[in-house]
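Written out below as structure tokens is the structure these notes cover.
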Amino acid sequence: MNLTYIATAAMGLESLVAHEVRDLGFEDVKVENGKVIFKGDESALCRSNLWLRTADRVKLLVGEFKAETFDELFEQTKALPWSDFIPENGEFPVIGKSVKSKLFSVSDCQAIVKKAVVDQMKNAYQRETWFPEDGALYRIEVALLKDVATLTIDTSGTGLHKRGYRALHSEAPLKETMASALIKLTNWTPDKPFVDPFCGSGTIPIEAAMIGQNVAPGLNREFASEEWSWIDKKVWYRAVEEANDLAKYDTPLDIQGSDIDHKMIELSINNAEEAGFGEFITFKQMQVRDFTTRKEYGYVISNPPYGERIGEKEEVKQLYRDMGNAFRSLETWSVYVITSNEQFEQLYGRPATKKRKLYNGHIKTDYYQYFGKRRQEAKA
Ligand SMILES: C[S@@+](CC[C@H](N)C(=O)[O-])C[C@H]1O[C@@H](n2cnc3c(N)ncnc32)[C@H](O)[C@@H]1O
């Protein structure tokens, strides 16, 4: 079947998601706000869920049309081939959202879509009575944007940031998808040293290890669509087999995480073991100001405290100064810092080589990037 999928992306990460989608070999890739649209068969559904590191979830597009009245929404939803995807016992709750549209009552839109889907399926399955909805989950979404309704079925289940390794997290954890994005925005390669001096629950080092050994982020979890009747189990097996074949578990890594808080170090160690990287990442309790290294051409990628909480502001100022001092002499190292603190460069003591706006959840942040000297420059 030639199907259309939508990989949803946090604002600002669309181009990274599109890059990943293209790398997987999918066709007709289009980028819009918050989403990347692509085409593929059933195996694309399995492979995109298993491999996309920076996308939030993968949805199957069932239809898209203009709808300014409830009648238009109902009739056009009913005309879509729901029964091609949802079996007679499928569970199909409807969620919704509406932005800048005449149909703004989300609960009414959801109820109308539900009724239209039931009608289409009653016809297709020649059924008079209620559907039992005791089978696999096919979560429908009606998303209205400027009077255009996009109807999808979620293929992922739990969001793709849930890789299955982070049972426990710190107070301000970074989403795994964002941690991955921070790494993918650098030129780090697994042969180079990697340090996160504010590792918290270990998300950035663990995502780096996964990238470094080419481990598919979804290998350790389940997806709603694994239970879907029209996707042959063999297609899933093949996708998992491919991911197992492509993982390079013997790639040596030099990844280190540290944090001032020893409880965080325990968390990180547990999470890294859960992810299968216990022996590949070194974690130790340390303050950033004590960081020293003799290694060269390394990467620091970090998510320090932002100082947004009351009482934290002054402390964070000193922290950023300490970072500047600790990293100043490491001229071959590249340093990457995400923070919402607009004084960061001043306090760190140097303007960034490059900045990129990113949203960490709802917090507006900048990703400050300091490029280290390259091999030739450093020798000259
Ligand atoms: C925003 S959290 C990092 C969260 C992490 N990325 C995660 O996903 O769990 C910032 C971390 O910096 C640590 N920290 C605060 N001051 C520090 C210092 N002076 N040196 C090292 N770590 C520090 C905190 O203990 C906290 O775990």
task = Sort through 217, 190, 173, 205 and tell me the only one that's within 12 Å of the ligand (Cβ to nearest atom) and part of a loop (DSSP other than H, G, I, E, B).
result = 173
request  = Could you tell me whether the range 176-185 includes any residue that is in a loop (DSSP other than H, G, I, E, B) and at pLDDT 95 or above?
outcome  = yes
query = Give me the pairs: first residue in the range 272-296 and at pLDDT below 95, second residue open to solvent by 50 Å² or more (accessible area, probe 1.4 Å) and within 12 Å of the ligand (Cβ to nearest atom), beta-carbon distance under 6 Å, and six or more apart or on different chains, which are they?
reply = none
message = Can you name every one of the helices (runs of 4 or more DSSP H) wholly within the range 282-380 that holds 1 or more residues which are open to solvent by 90 Å² or more (accessible area, probe 1.4 Å) and in contact with a helix residue (DSSP H, G or I) (Cβ under 6 Å, 6 or more places away or on another chain)?
response = 313-327
ask   = On the given criteria, is residue 252 assigned to a loop (DSSP other than H, G, I, E, B), at pLDDT 95 or above and under 30 Å from residue 91 (Cβ atoms)?
value = no
key: Answer from 145, 185 - the residue that is among the aliphatic types (A, V, I, L, M) and open to solvent by 70 Å² or more (accessible area, probe 1.4 Å)   = 145
ask   = For the range 255-281, what are the residues that are more than 22 Å from residue 335 (Cα to Cα), in a loop (DSSP other than H, G, I, E, B) and open to solvent by 40 Å² or more (accessible area, probe 1.4 Å)?
value = 276, 279
remark   = Result of the Cβ filter at 7 Å on the range 303-320, keeping first residues that are under 12 Å from residue 197 (Cα atoms) and partners that are part of a loop (DSSP other than H, G, I, E, B) and of a type in the set (A, V, I, L, M, F, W, C), at least 6 apart or interchain, is 303/174; 303/198; 304/198
key: Which numbered condition residue 267 fails, given (1) within 9 Å of the ligand (Cβ to nearest atom); (2) touching a strand residue (DSSP E or B) at 6+ places or on another chain (Cβ under 8 Å); (3) farther than 19 Å from residue 338 by Cα; (4) hydrophobic (A, V, I, L, M, F, W, C)   = (2)
ask   = Name the residues in the range 3-18 that are out of contact with any Gly (no Cβ under 8 Å at 6 or more places or on another chain), free of Cβ contacts under 8 Å to residues at least 60 places away in the same chain and either among the basic types (Lys, Arg) or open to solvent by 20 Å² or more (accessible area, probe 1.4 Å) (or both), would you?
value = 4, 15
task = From 229, 180, 225, grab the single residue that is within 27 Å of residue 262 (Cα to Cα) and among the polar types (S, T, N, Q).
result = 180
request  = Go through (1) hydrophobic (A, V, I, L, M, F, W, C); (2) open to solvent by less than 20 Å² (accessible area, probe 1.4 Å); (3) at pLDDT 95 or above; (4) assigned to a loop (DSSP other than H, G, I, E, B) and name the single condition residue 236 misses.
outcome  = (4)
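The values are calculated or read from the model by the stated rules, or taken from the named source; none is laboratory data. No experiment lies behind these values; they were computed from the predicted model shown. Ideal geometry is used to build each Cβ from the backbone, glycine not excepted, and the neighbour counts take in all protein chains shown. Just the protein is used for accessible areas: all its heavy atoms, side chains included, with ligands, DNA and RNA removed. Shrake-Rupley method; radii C 1.70, N 1.55, O 1.52, S 1.80 Å.
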